[in-house]
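Asker: Supplied in structure tokens, the structure appears directly below.
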Amino acid sequence: MKNQTVTVPAIAARKKSEKKITALTAYDYSFAKLLDSTSIDILLVGDSLGMVSQGHENTLSVTLDDVIYHTQAVKRGAQRALVVADMPFMSYQVSVEQAVTNAGRLIQQGGAAAIKLEGGARVANQVQSIVQAGIPVMGHVGLTPQSVHQFGGYKVQGKSFLDSKQIKQDAKALQKAGIFSLVLEGMPEELATEITHDLEIPTIGIGAGSNCDGQILVTHDLLGLNPDFAPKFVKRYAQLSDVIQNAVSEFVDEVNSEAFPGPEHTYNLKKGALKQVNHGN
Ligand code: KIV
């Protein structure tokens, strides 16, 4: 039986269900196809692609065209999971008009079913207008990477009374503006638990403890593709960097020793055909 396509209302309805929401990042067709063949609910074309795929230090240089390009590739591989595209830095902060136009491009040109943007009350007008245009919005509060310079680094947010009060107000403002789900990133579990309890929409945590309505990770972190990156909130379910490095080393050795390609990887002419080829008949 073909698995059912995951929809925005189905994700919103998980708030009242026992089943947690599972989400992972995807940036290309091959990964999207593999991830989609599991029961993962959401594929996020995150602006983390700036760091993971493009090798930048942060997400700030990612453009809307970059996200559209990657969303198109992910969409070709995803038949079932909900594809959500991130709005990159400076693609929605300037004005409500800018936000609606750019969110529309992610849906129309990228093929995403929903968009995600960072920030709380200060982007509530943008969220409201995007939702009014018929585009589902996922919110994102806490350690929002686009504000890395304001935070002075990738630091857990909401540790002080005032800071946690602000994040709670932001979550409520976003819910009022119409988001269908909310990413809670880099905050104490106690705060994430309280927000999850207070909201009618589901929360999806990353570095926010176990009581959210779902969890999201960067796929490359979960698969251990970058040996140099091992933050506390990531669990590596595989160590693919070792697998890849070993496979490539073996390939290099076998090419040098002429063990590869073997007869099983080689095309040959039929017996006697070589003579005909050489004599032209
Ligand atoms: O860009 C991203 O990948 C994200 C998630 C990790 C939440 O925003």
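None of the figures in this text is laboratory data; all of them are computed from the coordinates on show. Keep in mind the model is a prediction, meaning the values are calculated, not measured. FYI the Cβ positions are ideal-geometry reconstructions off the backbone, even for glycines, and counts take in every protein chain you see.
Asker: How far is helix 240-256 tilted off the main Cα axis of the chain, in degrees rounded to 10, range 0 to 90?
Answerer: 20
Asker: Simple spin-label model, 7 Å along Cα-to-Cβ: GLU97 to LYS172 in nm?
Answerer: Taking the two extended label points, one gets 3.3 nm.
Asker: Oh, and also: By the gyration tensor of its Cα atoms, with a ≥ b ≥ c the square roots of the eigenvalues, what is the shape of segment 8-238: rounded for a/c under 1.5, prolate for a/b over b/c, or oblate?
Answerer: Judged from the Cα gyration tensor, segment 8-238 comes out rounded (a/c under 1.5).
Asker: Given a 10 angstrom Cα cut-off, can you work out which residue in VAL156, VAL123, VAL62 is the most mobile in a GNM of the chain?
Answerer: Looking only at VAL156, VAL123, VAL62, the largest GNM fluctuation is found for VAL156.
Asker: Hey, what angle do you get for helix 64-77 against the long axis of the chain, alpha-carbon based, 0 to 90 degrees rounded to 10?
Answerer: 60
Asker: While we're on this one: Could you tell me the center-to-center distance, by alpha carbons, between segment 1-34 and segment 158-191 in angstrom?
Answerer: Cα centres, segment 1-34 to segment 158-191: 23 Å.
Asker: Could I ask something else about it? Rounded to the nearest 10 degrees, what's the angle between the helix 96-108 long axis and the longest principal axis of the chain, both from Cα atoms, 0 to 90?
Answerer: It is inclined by approximately 30 degrees.
Asker: Another question about this same structure. Give me the net charge for the shell around ALA32: Cβ to Cβ below 12 angstrom, other residues only, Lys and Arg +1, Asp and Glu -1.
Answerer: Summing Lys and Arg as +1 and Asp and Glu as -1 gives +2.
Asker: Taking every DSSP beta bridge that has both residues in the chain, what percent is antiparallel when rounded to the nearest 5?
Answerer: In the chain, approximately 5 percent of DSSP beta bridges are antiparallel ones.
Asker: Could you order peptides 86-93, 7-14, 201-208, 104-111 by the average number of other Cβ atoms within 10 Å of their residues, highest first?
Answerer: Top of the packing list down: 201-208, 86-93, 104-111, 7-14.
Asker: Could you let me know the centre-to-centre spacing of segment 35-52 and segment 215-244, using Cα atoms, in angstrom?
Answerer: Centre-to-centre (Cα) distance: 13 Å.
Asker: A follow-up question, please. Could you pull out the pairs from LYS16/LYS172; LYS15/LYS165; LYS19/LYS172; LYS15/LYS168; LYS16/LYS159; LYS15/LYS116 whose alpha carbons sit more than 21 Å apart here?
Answerer: LYS15/LYS165; LYS19/LYS172; LYS16/LYS159
Asker: Continuing with this model, one more query. Treat every Asp and Glu Cβ in segment 8-238 as -1 and every Lys and Arg Cβ as +1, leave all other atoms uncharged, and give the resulting dipole magnitude about the Cα centre to the nearest 20 debye.
Answerer: Taking the Cα centre of segment 8-238 as origin, the dipole is about 440 debye.
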